[in-house]
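The next block holds one structure in the form of structure tokens; read it before the comments.
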């Protein structure tokens, strides 16, 4: 028995040592990383010595690969997913954020046509209003996924390219910047390409800073939404009634609304909101909620939220959190009068 215990202890120690060795592996000798470095030198005139030093510092993280393989939206039913993001704590802190930044939020709504509650809900779902922006070094996250996550290597290689360009453009040290396990950054968790394309200097200080400046984060999220087709005053979702024999093959499929209300009615889905024109397009959804199966229709603005994160559960969480936030703020304003 003692021999077995000693063997098990030795095995565990070996596993721990191998794990530590794997985690400490850098990218200075990685073939893909060296090819990427050559590209960055030739295409963007980055300094080869600086790039070599970056690759020596960039570290493989097995925990990042593990996290990529088990995102919550792939494994949780809606009723469980909702419990994570639509909570009393998130509502309370959302109201506090709204009240603290009321002037900036109001300006963003007026400038971009994106409702305050949507901006605040995005911040709430993404980072608890800037409290939890991620503890991974972005250079580690993007290097790991670019060079050691084959099924999405192309995407994350482009994001690493954008990250290094962003760092140069803003005069930032790429070794000091942190974010999520996927390399998303700041209050709104922008990927580097989105940061470069949609982040705005809303505070007017000369820098688009969504890491530490909530004003820039608010303006940047509003800009992202309007640039992706947000329809001012448009609906996001509506409940749907179904008839027997509805077409279950079309639920939760695709991302972009491609069936009109008239077509959906023919497939067995009738919107609860009766004032929606028949030519309005929507995505039919079937969700497992706390009280059983729910049927919804996601309209164009729902699709815009999915442009931020392609999970329909995510878009529904943002939608419902935003509705509850607007209700709470309205109640608070009424009570204050």
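Tabulated values for the structure
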| read-out | value |
| --- | --- |
| Failed item, numbered, when residue 171 is tested on (1) buried (at least 21 other Cβ atoms within 10 Å of the Cβ); (2) closer than 25 Å to residue 56 by Cα; (3) out of contact with any strand residue (DSSP E or B) (no Cβ under 7 Å at 6 or more places or on another chain) | (1) |
| Yes/no for residue 210 being assigned to a helix (DSSP H, G or I) and under 26 Å from the mean Cα position of the chain (by Cα) | no |
| Scan of the stretch 227-238 for residues that are surrounded by fewer than 18 Cβ atoms within 10 Å (Cβ to Cβ) and not in a loop (DSSP other than H, G, I, E, B), ordered by number | 227 |
| Residue match in the stretch 209-226 (condition: surrounded by fewer than 21 Cβ atoms within 10 Å (Cβ to Cβ) and under 30 Å from residue 270 (Cα atoms)) | yes |
| Subset tally (residues that are without any contact (Cβ under 8 Å) to a residue 40 or more places away in the chain and buried (at least 16 other Cβ atoms within 10 Å of the Cβ)) for the stretch 174-200 | 9 |
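Just so you know, all these numbers are worked out from the coordinates, no wet-lab data involved. Keep in mind that this is a model prediction, so the values were computed, not measured. Ideal geometry is used to build each Cβ from the backbone, glycine not excepted, and the neighbour counts take in all protein chains shown.
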